[in-house]
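The values are calculated or read from the model by the stated rules, or taken from the named source; none is laboratory data. In this text the structure is predicted, and so the values were computed from the model without any measurement. So basically every Cβ, Gly included, is an ideal-geometry build from the backbone, and we count neighbours across all protein chains shown. Each accessible area value is taken on the protein alone, full model and side chains, heavy atoms only, with ligands, DNA and RNA left out. Shrake-Rupley method; radii C 1.70, N 1.55, O 1.52, S 1.80 Å.
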Amino acid sequence: MISNWIKNKSERKLIYIALAISIIIFIIAGWKVSHRTELLTNMGPQIQNGIQHGFPKINPLKMYAKEKGSLGRIGVFAAFILFPLYFLIRFKKLNDKKQFKKYLAKLLKWCKLVHVPISLITFALITVHSVIMTFFEWKTDAVYISGVITYLLLVPLGIFGFLRYKRKDKNWHYYLSFAVVISMLIHTFV
């Protein structure tokens, strides 16, 4: 099925590897969620003593979710790197710099090759972050609501990205990517 959509064999291999990594991320996250009560009891005595002496309570599940959210944010910006490269190649003032444009074209080709695998792994990381923070750590404030909005924008971005292979997305993938990045920045800095 996927070979009908993705013609490039090396890109398909990278996508299969990314899908395997994503499944591993989901399995580990499922284990962490199902064993969330044991995570605190297995912490060292110095941390448990710190909790008794007035330091803030440490929640290992929340720390795990925030790590996945931070990695997901890096992945979003790594996948977004295609757009500045497209604009640089189409920039009119670079027409006389042929060697630089050749270098940019090679870089863009490599970025296109890893864009989807990075996006798949990023989607898995952000899904883990969203599920844990929404269902286990929910607070009604601007950070959590902006995170839900960002995730609700991320889901159609992935769907339209898949439709992009057949050019059936009508540039929605392009527009939604900017919306996701802006929404993620709001979520990060609120």
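The table that follows gives values for the structure above.
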item: Residues within segment 139-178 that are closer than 16 Å to S119 by Cα and of a type in the set (K, R), tallied; result: 1
item: Cβ-Cβ under 9 Å pairs, at least 6 apart or on other chains, segment 125-145 side touching a residue at least 40 places away in the same chain (Cβ under 8 Å) and farther than 22 Å from F77 by Cβ, far side open to solvent by 50 Å² or more (accessible area, probe 1.4 Å) and part of a helix (DSSP H, G or I); result: F136/R36
item: Candidate set: segment 131-178, residues that are over 14 Å from the mean Cα position of the chain (by Cα) and of a type in the set (G, A, S); chosen: the one least open to solvent (accessible area, probe 1.4 Å); result: S146
item: Residue in segment 55-77 that is at pLDDT below 60, out of contact with any Ser or Thr (no Cβ under 6 Å at 6 or more places or on another chain) and surrounded by 10 or more Cβ atoms within 10 Å (Cβ to Cβ) present; result: yes
item: Single condition L113 does not satisfy, out of (1) open to solvent by 50 Å² or more (accessible area, probe 1.4 Å); (2) assigned to a helix (DSSP H, G or I); result: (1)
item: Segment 1-38: number of residues that are open to solvent by 50 Å² or more (accessible area, probe 1.4 Å), in contact (Cβ under 8 Å) with a residue 40 or more places away in the chain and not in a helix (DSSP H, G or I); result: 1
item: Count of segment 155-182 residues which are farther than 17 Å from F83 by Cα and modelled with pLDDT of 90 or more; result: 3
item: Some residue of segment 86-97 being more than 26 Å from Y165 (Cβ to Cβ), in contact with a helix residue (DSSP H, G or I) (Cβ under 9 Å, 6 or more places away or on another chain), surrounded by 13 or more Cβ atoms within 10 Å (Cβ to Cβ) and free of Cβ contacts under 8 Å to residues at least 60 places away in the same chain; result: yes
item: Residue under evaluation A124, criteria (1) open to solvent by less than 20 Å² (accessible area, probe 1.4 Å); (2) part of a helix (DSSP H, G or I); (3) out of contact with any Ser or Thr (no Cβ under 8 Å at 6 or more places or on another chain), criterion not met; result: (3)
